[in-house]
1. Roughly how many Å is it from the Cα centre of segment A:14-67 to that of segment B:84-151, as a whole number?
2. Using only atoms on other chains, find how many Cβ atoms lie within 10 Å of each Cβ of peptide B:91-101 and report the average.
3. From the convex hull of the Cα coordinates of the protein assembly as shown, what is the mean projected area in square nanometres?
4. For a quick check: with amide H placed at 1.01 Å from N, whose amide H comes under 5 Å from B:VAL72's, ignoring anything fewer than 5 positions away on the same chain?
5. How far is B:ILE15 from the same spot in each other copy, in nm, shortest first, if each label point sits 7 Å from Cα toward Cβ?
6. Given a 1.4 Å probe and no ligands, DNA or RNA in the count, how much accessible surface is buried by B and A, both sides, to the nearest 100 Å²?
7. Taking only DSSP H segments of four or more residues, each worth -39500 (n - 2.57), what value at 222 nm results for the protein assembly as shown once the sum is divided by all its residues, to the nearest 500 deg cm²/dmol?
8. Per residue, how many Å² of accessible area does the protein assembly as shown show with a 1.4 Å probe?
Protein chains: 2
Amino acid sequence: MTPAKSASIASIDPIERRPLHEAAIDRLRELIFQGELTPGSRLNERLLAQRLGISRTPLREAFKLLAAEGLVELLPNRGAIVAQLDAVRIGETLQVMGALEALIGELACRQASDASIDEVRALHFEMRAAHARRDLAAYFRHNQSIHLRLAEAAGNAILAQTYRQLNANVRRVRYMANLSAERWDAAVREHDAILDALSMRDGERLKSLLSEHLAHKTASVLAALEPAQAAA
Amino acid sequence: MTPAKSASIASIDPIERRPLHEAAIDRLRELIFQGELTPGSRLNERLLAQRLGISRTPLREAFKLLAAEGLVELLPNRGAIVAQLDAVRIGETLQVMGALEALIGELACRQASDASIDEVRALHFEMRAAHARRDLAAYFRHNQSIHLRLAEAAGNAILAQTYRQLNANVRRVRYMANLSAERWDAAVREHDAILDALSMRDGERLKSLLSEHLAHKTASVLAALEPAQAAA
DNA sequence: TTTTTGCATTTTGCATGCAAACATGACAGA
DNA sequence: TCTGTCATGTTTGCATGCAAAATGCAAAAA
């Protein structure tokens with residue numbers, strides 16, 4: 001193994017060979033996030049399988065896994081529907097995420113590598129750029145990335161995975177659409193403080209900043225959800 | 001609808017009709033907990049399906065769901081095996097459970113109904129009875145029930161579900177087998193204090209008691225795991 | 001009119017079949 | 001003796017078929 005060869009080997013990605021049910025999950029998840037599959041809409045097996053170009057078997061596996069994630073609801077003998085956005089459920093989810101963020105803040109400050117903090121910083125400035133451009137979609141994306149990276153930076157894989165899964169349920173709520181300019185600016189300032197605390201590895205401060213940030217987010221999310229509930 | 005008729009209709013339970021994949025999950029979970037399916041052992045589809053008296057299709061669905069729970073590992077194109085008990089993974093899981101227990105303690109004291117606290121109390125004394133009899137298996141069972149009931153008493157369904165799922169991974173470690181008598185007695189005293197704090201609805205104290213209790217449990221679990229890791 | 005019943009159609013849940021991937025082991029060549 | 005190749009049987013991944021359940025609707029009964 002010459003240095004040249006091992007270098008080239010290292011750069012080779014394994015040939016992708018994903019199971020169909022995983023591909024189906026990714027596609028469905030994306031469709032649900034994008035809102036192309038709306039809450040409550042029925043997921044006809046035959047039709048969807050045909051559209052995705054797969055058979056019903058891997059699609060049914062995808063349904064069941066998405067149900068475990070909370071994105072889909074299974075009605076016995078009556079198929080699957082896109083899970084409803086229930087305010088109580090989402091509120092509970094945010095509360096659990098709060099508990100996890102407390103741990104994330106603590107661990108990230110204690111254990112994150114400088115490199116991963118730098119990565120969060122980079123994302124932070126991308127987010128600020130999006131904010132400066134008033135690009136809501138890009139802001140939201142980078143904002144999500146920051147929180148997920150932070151979860152990963154804590155160095156606890158189970159923590160990151162649990163956080164990610166809960167977050168997926170909240171992410172469906174498009175709470176940013178009617179966010180006031182003031183609230184948006186305030187959120188950015190909160191993020192400045194969060195990055196600062198992380199940079200200084202001040203766990204206690206990061207913890208309380210994240211808690212406060214989440215409280216505001218919870219208010220926005222539930223506000224975006226209540227009228228929908230009332231209308232339904 | 002006469003009163004007599006609606007009363008008789010109301011008393012009728014729906015006929016139970018569970019999907020086969022769910023039944024399979026329950027059976028496999030039980031087999032994994034009981035240790036009849038040991039970590040790393042291969043799960044042959046054809047064979048297991050035959051034993052369970054079902055076809056491969058629902059069994060494969062069960063595998064994938066158990067994999068999402070962390071009890072089973074899927075090797076692409078090479079089938080499923082019972083997930084290994086990895087000390088790092090279990091340690092991370094316990095750490096996340098700690099974060100959740102903090103929230104559980106707080107919420108349970110604030111929101112639990114008196115009835116659910118009474119139920120925890122009842123389980124507590126059943127556990128003490130098992131301890132008095134030195135009945136390890138019964139003690140373990142009641143101990144598990146207490147923690148799960150406490151999680152439910154918090155009144156947050158997502159919290160309880162997340163906690164339950166993480167707990168399932170830890171529960172596989174049979175850490176009680178070589179628990180010293182002193183440690184066992186100490187654990188019972190900790191539980192006395194936990195029940196007391198819950199009864200008085202002292203959230204802060206419950207939180208710190210649960211944290212301390214979990215720290216000891218973590219030590220026991222990891223101690224039970226390390227030699228196994230070294231031997232392997 | 002309103003409710004109930006029966007029937008045709010659709011859809012799900014599960015079993016089974018088939019091709020591709022993998023495991024095993026014998027054998028040839030170094 | 002060791003390494004690599006190939007043949008063979010096994011196992012998985014997916015597609016498809018079939019029976020049971022659910023749905024929709026029209027006709028009959030209240």
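The values are calculated or read from the model by the stated rules, or taken from the named source; none is laboratory data. Bear in mind that the values here come from a model prediction, so they are computed numbers and not experimental data. Virtual Cβ from ideal backbone geometry, glycine too; neighbours counted across all protein chains shown. Just the protein is used for accessible areas: all its heavy atoms, side chains included, with ligands, DNA and RNA removed. Shrake-Rupley method; radii C 1.70, N 1.55, O 1.52, S 1.80 Å.
1. Centre-to-centre distance over Cα atoms comes out at 37 Å.
2. Averaged over the peptide's residues, the number is 5.
3. Computed as one quarter of the Cα hull surface, the answer is 29.3 nm².
4. HN-HN under 5 Å from B:VAL72: B:ALA67, B:ALA83.
5. 5.1
6. So the buried area, both faces added, is about 2200 Å².
7. -24500 deg cm²/dmol
8. Accessible area per residue: 52 Å².
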